[in-house]
Amino acid sequence: MKKGFDLKKAAGQLRELAVITLGTILVAAAVFFFLMPSHLSVGSAVGIAIILAHFIPLSVSALTMAINLIFLLLGFLLVGREFGAKTVYTSVLLPAVIGVFERIFPNYESIMGDPFLDMVCYCLLVSLGLALLFLRNASSGGLDIAAKILNRYFRMELGKAMSAAGICVALSSAFAYDAKTVVLSLIGTYLNGIVLDHFIFGINTKKRVCILSDHSEEIRDYIIHGLHSGATCYQAIGAYDLEPRREIVVIVDKAEYSKLMSYIFATDRDAFVTVYAVQEIIYRPKPLAAEKTVQ
């Protein structure tokens, strides 16, 4: 028997598609309005295309499409079908949007009128777009795929992986442009990695909260039934009085952290709490077990 149409799942897929589309448009806008006018080759497939356009009589959008096709094959082989499938869409959409901008704004010149300001604006806008894509397990194609491969197989932070993959592109601009452009491209590649990590980890950062309290059972119950989250309990022994106590360790997002701390302070102002930042969590979620009833 076939399952009925899942409206919630379809809505989630449409929402994800919308986010990926928005991220790709932001990347295309950053490239066209800030990168291309200054001929900067901040490490990316488009950066390669900008350099090649200096020697090959093709548009940046056409060269970007060709470069993306090469990297797409690597994405399918090394990262997985889901990542590759999404990136097929973005790899086609990105040069298409750039091509539309090229037709709407022919002979476009920089708004800022300064290559350094163009580089800064590009890094801010493109990092936001790339963060939206990476958080949906996609990319804008090109060197983003190389960064994702480094992230998956070598556990490199995405920003650092982007910088490592793009620095060669930035250096290659020496074959087409002057020393100032090369230096700005290198600075832009490095800055792009820093800003990208900020956007990604700023969204994904969670808190690891360790709690020692005489009201540990109440706090544990609130975490499970109030926050609908899980936790781990340890037996801790104080060095001063050697008394055993229960330590609760829980990982929460920003909204849950605020609720948890409010509850702890309202329940036990003498609680001992330590908080750590957590940038990545790898686990398989499972439903909470039903409470056992006493017969």
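So here's what we get for this one:
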quantity: Segments 255-267, 116-128 sorted - mean Cβ within 10 Å per residue, highest first; calculated: 116-128, 255-267
quantity: Cross-link pairs beyond the 30 Å C-alpha cut-off, checked among K8/K206; K180/K206; K9/K206; calculated: K180/K206
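Every number here is computed from the coordinates shown, using simple stated rules; none is lab data. What you see is a predicted model; the values in this text were computed from it and never measured. Methodologically, a virtual Cβ is constructed for each residue, glycine included, from the backbone with ideal geometry; neighbour enumeration extends over all protein chains shown.
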